[in-house]
1. Going through 45, 70 one at a time, which residue ends up being closer than 25 Å to residue 143 by Cβ, at pLDDT below 95 and more than 18 Å from the chain's Cα centre (by Cα)?
2. For the structure I just gave you, tell me whether residue 90 is out of contact with any helix residue (DSSP H, G or I) (no Cβ under 7 Å at 6 or more places or on another chain) and surrounded by fewer than 16 Cβ atoms within 10 Å (Cβ to Cβ).
3. Kindly list the number of the only condition in (1) part of a helix (DSSP H, G or I); (2) over 20 Å from the mean Cα position of the chain (by Cα); (3) surrounded by 14 or more Cβ atoms within 10 Å (Cβ to Cβ) that fails for residue 32.
4. For residues that are touching a residue at least 24 places away in the same chain (Cβ under 8 Å) and either part of a helix (DSSP H, G or I) or closer than 21 Å to residue 131 by Cβ (or both), tally how many sit in the range 1-14.
5. Could you tell me whether any residue of the range 29-51 is closer than 29 Å to residue 147 by Cβ and touching a strand residue (DSSP E or B) at 6+ places or on another chain (Cβ under 9 Å)?
6. Only one of 57, 16 is surrounded by 14 or more Cβ atoms within 10 Å (Cβ to Cβ) and modelled with pLDDT of 80 or more. Can you tell me which?
């Protein structure tokens, strides 16, 4: 068993939200290889997220992004299972980012869109990552883009 760097454990914890003990187990299993460990942890997170998809999402928040010109607005309803998660910083950050996405790209087929801040990820990937980190079902509700002078 190789000695595992605590900084690597912290990095993987921040990236995945997985329990430290599980990160250590996975790192031990892949001889400390960060890339392999991240693949395993993300795969496990996606599997957990798929198990939560049917759960009721009756809480959440509405996020609004107004472009600096004041002529374009993105409005997004992000839903989750509990008020506790709705107040979580990860949930808040994703909600703000997705409202900006809606203002920029519109709300049509939002989950299939490439994320404007990282084109290597789809919006659906971000949702699954949040589900894995919070342990709750999260989904996008309504999404609207409003532009001054356009109907």
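1. Details: 45 fails: more than 18 Å from the chain's Cα centre (by Cα).
Just a single option satisfies the conditions, and that option is 70.
2. Taking the combined requirement at face value, the residue does not satisfy it.
3. Among (1) part of a helix (DSSP H, G or I); (2) over 20 Å from the mean Cα position of the chain (by Cα); (3) surrounded by 14 or more Cβ atoms within 10 Å (Cβ to Cβ), the lone unmet condition for residue 32 is (1).
4. The qualifying residues number 2.
5. Checked against the condition, which is being closer than 29 Å to residue 147 by Cβ and touching a strand residue (DSSP E or B) at 6+ places or on another chain (Cβ under 9 Å), the range 29-51 yields no hits at all.
6. On the way: 16 fails: modelled with pLDDT of 80 or more.
Every option except 57 fails the conditions.
The values are calculated or read from the model by the stated rules, or taken from the named source; none is laboratory data. What you see is a predicted model; the values in this text were computed from it and never measured. No Cβ is skipped: glycine too gets one built from the backbone with ideal geometry, and neighbour counts run over all protein chains shown.
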